[in-house]
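The values are calculated or read from the model by the stated rules, or taken from the named source; none is laboratory data. From a predicted model like this one, the values you see are computed outputs, not experimental measurements. Reconstructed Cβ throughout: ideal geometry from the backbone, glycine too, with neighbour counts over all protein chains shown.
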Amino acid sequence: MSIHETAELEHTTLAQESSVEIREYVTVHDSSIGSDSRIYERVSIKKSDIGDSVDINANTYVENAQVGDHVQIGPNASVVGVTHDLTGEGMEHRNDVFKEIVIEPGAFVGASAVVLPGVQIGENAVVGANVTVTEDVPAGTVLRGTRE
């Protein structure tokens, strides 16, 4: 197990006797990290369960998510399972609504992708770089941005 001295882990469970690697300036709160997982620089993980052999690349944010085994999440991605209700007066300030995100085993989320609350990404699906995911992605699907 390798946890950089600048990493902050609070109310978090790491797989016992595993080769978890947590690099510089990572924060993990109220979560679990599976064995053989690598969490790269400046990642923030909150209220999430991370499976075994998962790679979460630099500058990524993950909140309220279930991440399956053998998942890769590219740098600068946002996996955000929290939102706010929209009323006639606008968004409700500080009234979080949690809608869990599920990323099934073997899925890949590309660099700078955004996965919105309540979405499920199927087994072995690929979300391309810079794609915003607003709906469930079926297993084995490759989701890319459009070209103009």
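Applying the criterion of being among the charged types (D, E, K, R) and over 16 Å from Asn59 (Cβ atoms) to the residues of the stretch 9-42, the residue that is farthest from the chain's Cα centre (by Cα) is Glu17.
Every residue, every condition in (1) more than 26 Å from Glu135 (Cα to Cα); (2) crowded, with 18+ Cβ neighbours inside 10 Å, yes or no:
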site: Thr13; (1), (2): yes, no
site: Val43; (1), (2): no, yes
site: Gly51; (1), (2): no, yes
site: Ser112; (1), (2): no, no
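The single residue among Ser31, Ser78, Ser37 that is hydroxyl-bearing (Ser, Thr, Tyr) and either closer than 16 Å to Ala113 by Cβ or surrounded by fewer than 18 Cβ atoms within 10 Å (Cβ to Cβ) (or both) turns out to be Ser78.
Mind checking which residues of the stretch 111-135 are among the polar types (S, T, N, Q), in a loop (DSSP other than H, G, I, E, B) and within 18 Å of Gly51 (Cα to Cα)? Of everything in the stretch 111-135, just one residue is among the polar types (S, T, N, Q), in a loop (DSSP other than H, G, I, E, B) and within 18 Å of Gly51 (Cα to Cα), namely Asn124. Quick check, is Ala125 among the small types (Gly, Ala, Ser), farther than 23 Å from Ser31 by Cα, at pLDDT 95 or above and surrounded by fewer than 17 Cβ atoms within 10 Å (Cβ to Cβ)? For Ala125, the condition - among the small types (Gly, Ala, Ser), farther than 23 Å from Ser31 by Cα, at pLDDT 95 or above and surrounded by fewer than 17 Cβ atoms within 10 Å (Cβ to Cβ) - is not met. Search the stretch 43-72 for residues being of a type outside the set (Lys, Arg) and on the phi > 0 side of the Ramachandran plot, and hand back the single one that is nearest to the chain's Cα centre (by Cα). Going through the qualifying residues, I end up with Asn64.
Residue count for the stretch 33-67 satisfying the condition of being closer than 14 Å to Ile3 by Cβ and touching a Lys or Arg at 6+ places or on another chain (Cβ under 6 Å): 2. You will find that of Gly88, Gly81, the residue that is over 18 Å from Val142 (Cα atoms) and out of contact with any strand residue (DSSP E or B) (no Cβ under 9 Å at 6 or more places or on another chain) is Gly88 and no other.
Got at least one residue in the stretch 86-101 being aliphatic (A, V, I, L, M), assigned to a strand (DSSP E or B) and buried (at least 17 other Cβ atoms within 10 Å of the Cβ)? Looking for residues that are aliphatic (A, V, I, L, M), assigned to a strand (DSSP E or B) and buried (at least 17 other Cβ atoms within 10 Å of the Cβ), one finds at least one in the stretch 86-101, hence yes.
Scanning the stretch 90-119 for residues that are touching a Pro at 6+ places or on another chain (Cβ under 9 Å) and without any contact (Cβ under 8 Å) to a residue 24 or more places away in the chain gives a single hit, Val97.
Evaluating Gly106 against the criteria (1) surrounded by fewer than 20 Cβ atoms within 10 Å (Cβ to Cβ); (2) modelled with pLDDT of 95 or more; (3) assigned to a strand (DSSP E or B) leaves one unmet condition, (3). For the stretch 99-112, the condition holds for at least one residue, the condition being that it is closer than 21 Å to Tyr25 by Cα and out of contact with any Lys or Arg (no Cβ under 9 Å at 6 or more places or on another chain).
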